[in-house]
Structures are given as structure tokens and as C-alpha cells.
Amino acid sequence: MNSRRATAMIRWVLAFAALAGIVLVYRRWLHVNPATTALTLLLLILLLAAEWGLRYAVVISLSATVCYNFFFLPPLGTFTISDPQNWLALLAFLCTAILASRLSQQARNEATDARSRQRELEMLLRLSRELLQTDSMAALLSAIPAAVTSVTAARSGMLYLLEGDKLYQAGEIEASQQELPHLHQLASDLTSVTEDGGVLQIPIRSGVRPKGLVGLRAVTLSAETSEAIGSLVSIAIDRVQALESVARGEAAKESERLRTLMIDSITHELRTPLTSIKGAATALLSGPVAQEQTKELLEIIDEESDRLNSLVSEAVEMAQLDAQQVQMHFSPVSVRGLIADACASCAWIKDQHPVHVDIPDGLQVKADPVMLQKVLCNLLENAAKYSAAGSPITITAVGDHGGIAISVADRGIGIDLSEQSLIFERFYRGRAHAGGEKFGTGMGLAISRAITEAHGGSLNVTSQPERGSVFTVSLPFGVIPA
Ligand code: ADP
């Protein structure tokens, strides 16, 4: 305030000094005709109107008229005017000066208006860009007060929603939970933008139905811009609501599709071992069977029951992972320890294959150790199962601050390119093994991929037939202690 007053004071002094300067120069030294003097004074007045506004221009116009009369119109040195023509000249000077000042001020006002409209438009554009960035309702609602506060340069901002009686704030936190009933009432009644106690209250509506309000402290905005902010916020909320409801519908459809697929696959897969068990049991019951054949039939029943058992438990596990019913317990775990545990839980592999492990010291990852061990075990068992006894298996891990990658490489039979994406499908078994002598359910990799994805990571393969395969588990949240 003080600095504004000082600026005004300096401007007055300068304006009068300029007027005095012109009078002095023309009176003392240059002695030009009165018309040139009048034009010079007019120029000064126009400059003042354009740069500093009408106030300065009008006062200096009046003062210039007086000086013009006194110093330049005969009789000089008096305020009387002898020639009626000079009266006309003086009047013309005064009118031109004031008219030109007004025009110049008008142009100035329009320029200021245009600039502030442009600023507000840019602000609305920035706000719409920020509000359209998020697709999740929770993230949007907490981002709205901060976004509105930052684009309008308000001291603080808040968003109140009638639905759920929810309050979100940014900047200096002001409204407390006790004020919710008051806000509820205010949001229900507010029909247009209002200013109350330094807080701009903008209604948010869906059609004509009140939805809530945005409050902004210490900000000056035109009514149109405030209304536009309210509409933008309302559209952003409606948009995310629509997106979420579409996503929910799609998730429900996908879950239904998976359920049907699962039931179809289980019925199909269960039929094979059941048929074998039924056949063996019928053969045993049909009459006396040689002892050797009895043993063979009983072995079939035993193996096929095991297969049935694995199928059912893996199908249940897959269904639980699909329904996100498996509780993950994430904690920082040592990758070396994780791999050691996985190797220990399928120790039979070491009897058939040399296993090389190459992991940097201190590498850690944030994971559910039990679940991740299951993935590694499955990859190790597959590496052993699908490669000739004696061929090496190599486990490596690398990591940086972005994540870690654990790879299990074998020099086995490899996977044809056409099958490399299919093997992650549930119940899919490699063409060479379906119904063959390698026991399996086709669920291992599907389960492993689901577990990895639940960690926010991915499971991929690179492979060449007859040369071997490398399965890589990539996980975010890699932690390498300094
Ligand atoms: P399963 O091993 O029970 O058949 P998986 O889901 O673990 O089921 O694997 C699916 C298919 O992927 C296997 O049938 C096999 O054809 C192929 N596969 C998996 N791991 C390897 C590997 N290390 N080398 C070659 N083929 C593999």
C-alpha cells in the first residue's frame, strides 16, 4: 500500500515536472508558435493517459490549459484572453486533450481486460489439462484442491462433496471436520458464485443438481472464470465416474469369461485322469488279474490321482489369484536367500543338473517371499524337466533402483516361437508334452505369471528350440543397500 502511494507521488511529481519543462523550454529558449506548444502539450497528455491513466491526463490537461493561456496566449503573463479566436484555441486544446485522454484510457482498459481474459483462459486450460490426467476417482478428488489452488494462485483451496460428505483441502488447511454440517448446508443452497469473508465459493452442479462446492481463499477471479472452474471440476468428476463404471462393467465381464474358461478347462483336464482311474478300477473289478498287472493298474490309479490332486489344487490357486483373493505379504527380502530357499525346496534338481548361481551381494527386493519362491521353484522344475539330465541350469539376478530381474536359464529342448506366448495360458502344455511322458498340468507358468503381476512385475521367456530357454522374472522395487 505504501509503495503504491509512493509510486503515485513520484508520478505526479514527474508529470508536473514534464509540464513545467515544456513551458520553460518553449517560453525561455525556443519561442515556437502557440500551435507547436499546444501540440507538444497534447503529446505529453496522451503519453500520460496511455502509460499512467486518465487521472494524470485530466489533471495535467487542466494545468496545461492554464499554463498555455498564461504563458503563450496574448496578452502574455495574464489569465485574460483578448482575441476571441484564442478562446476558441484554448477550448479546442482542452477538449482535444480530455477526449484523447479518454480514448487512450479506454484503449488501455481494453488491453488490460484482454490480458486478464487471456490469463484466465490459460489458467482454465491448465486446470483442464491437470484434471484430465487422472483416471482414478480417489486420486482426482485429492488432486482437485491442489490443482485449483495452484492455477488460480489462491492462498488455499478446498473441495466439498455432498455425496459422502467429503472434504478435500490444499494450502493452509482451514475447514475442520466440525464444519461439515455447515458446508453441507452451504453446498446444497449455493446457486451462483459468491464471495464470503475472503473466500470465493463456487458451486459444483451436475445439471441442476448440486454436487458440492469449491472454496478459494484470497483470489480475484471474474464470475465467468469462476463458473468455468466449477464446470471443469464437475465434468472431471463425471468423466472419472463414467470411466470407473465402464471399467467395473468390463472387469465383471472378464471375470465371468475367466470363470467359464476355468470351468471348461477343468472339466476337460479332469476327464483324462478320471478316465484312466475308472479304466484301471474297472479292470481290477472285472475278475482275477495277474499280480503284475494288478500292480501296474494300481500304479496308474496312484499316478492319475496325484495328477488329479495337482490339477484341482492349481486350478483353485489360479482362481484365487484371478479373484485377487490371495493375500500378499510384501517385505524386503534378500534375493540370494530367496533363491537358496527355492533350490532347497526342489532339491531333487541338484541330483540331476549342475546349478550355477550368480547374484550380486546384498541384492534385495520387496516381495512376498513365499509366493515368489513358488514362482522360482516352478521355473527351476521346468528347467530341469525340459532339459536332458546333466545339462546345466543357471540362475542370475541383476538389479538397479528401478527394479530387479531374476533369470533361470537352461540348455534344454527350448520352445518354438509360435508357442512362446501360449505357454503362459492356463492348462496349455507344449505340443511335444501334451499327453506325453513329462508329467504336468499346464498351470505352472500361468500361476507364476499371475503371482509376478500381483507384485507389479512381469514374467517373460526367450527361447530357441534345441538350444534352451531363459525365463526372466522382472520386479519393481529393487533395493540395493549402499
Ligand atoms: P507344465 O510344465 O505343467 O506343462 P507349465 O505351465 O509350467 O506347465 O509350462 C507350460 C509349457 O511350457 C510346458 O508344457 C512346456 O511345453 C513349456 N515349458 C515350460 N518351461 C519350459 C522350459 N524350461 N523349456 C522348454 N519348455 C518349457
| Would a scan of region 475-482 turn up a residue that is in a strand (DSSP E or B), modelled with pLDDT under 85 and either more than 12 Å from the ligand (Cβ to nearest atom) or more than 38 Å from the chain's Cα centre (by Cα) (or both)? | yes
| query | Mind checking which pairs have a first residue in region 20-34 that is free of Cβ contacts under 8 Å to residues at least 12 places away in the same chain and a second that is in a helix (DSSP H, G or I), Cβ under 7 Å, 6 or more apart or different chains? | reply | V32/Y26
| request: Consider only pairs whose beta carbons are under 9 Å apart and that are at least six residues apart or on different chains; among these, list those whose first residue lies in region 179-190 and is closer than 10 Å to L167 by Cβ and whose second residue is part of a helix (DSSP H, G or I). | output: none
| field | Residue under evaluation A409, criteria (1) surrounded by fewer than 17 Cβ atoms within 10 Å (Cβ to Cβ); (2) over 30 Å from D264 (Cα atoms); (3) of a type in the set (A, V, I, L, M, F, W, C), criterion not met | value | (1)
| Restricting to helices (runs of 4 or more DSSP H) lying wholly in region 1-89: which have 2 or more residues that are touching a Ser or Thr at 6+ places or on another chain (Cβ under 8 Å) and at pLDDT 90 or above? | 2-24
| Some residue of region 264-275 being in contact with a Lys or Arg (Cβ under 7 Å, 6 or more places away or on another chain) and either within 23 Å of G440 (Cα to Cα) or in a helix (DSSP H, G or I) (or both) | yes
| Does any residue in region 365-391 that is touching a residue at least 24 places away in the same chain (Cβ under 8 Å) and within 12 Å of the ligand (Cβ to nearest atom) come within less than 7 Å, Cβ to Cβ, of a residue that is basic (K, R) and assigned to a loop (DSSP other than H, G, I, E, B) six or more places away or on a different chain, and which pairs are these? | K385/K438; S387/R411; S391/R411
| Among the residues of region 96-115, how many are surrounded by 12 or more Cβ atoms within 10 Å (Cβ to Cβ) and more than 30 Å from A223 (Cα to Cα)? | 4
| said: When you check L380 against the structure, is it in contact with a Cys (Cβ under 6 Å, 6 or more places away or on another chain), buried (at least 20 other Cβ atoms within 10 Å of the Cβ) and under 23 Å from E314 (Cα atoms), yes or no? | reply: yes
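Here is a yes/no grid of residues against (1) under 19 Å from A340 (Cβ atoms); (2) touching a helix residue (DSSP H, G or I) at 6+ places or on another chain (Cβ under 8 Å); (3) not aliphatic (A, V, I, L, M):
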residue: G390; (1), (2), (3): no, yes, yes
residue: I393; (1), (2), (3): yes, yes, no
residue: T396; (1), (2), (3): yes, no, yes
residue: H401; (1), (2), (3): no, no, yes
residue: E419; (1), (2), (3): no, no, yes
| query | Which residues, counting only those in region 405-456, are within 8 Å of the ligand (Cβ to nearest atom) and hydroxyl-bearing (S, T, Y)? | reply | Y428, T441, S448
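Residue by residue, here is whether (1) touching an Asp or Glu at 6+ places or on another chain (Cβ under 7 Å); (2) closer than 19 Å to P476 by Cβ holds:
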| residue | (1), (2) |
| --- | --- |
| H329 | yes, yes |
| P354 | no, no |
| V375 | no, yes |
| A389 | no, no |
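The values are calculated or read from the model by the stated rules, or taken from the named source; none is laboratory data. Quick caveat: nothing in here was measured; it's all calculated off a predicted structure. No Cβ is skipped: glycine too gets one built from the backbone with ideal geometry, and neighbour counts run over all protein chains shown.
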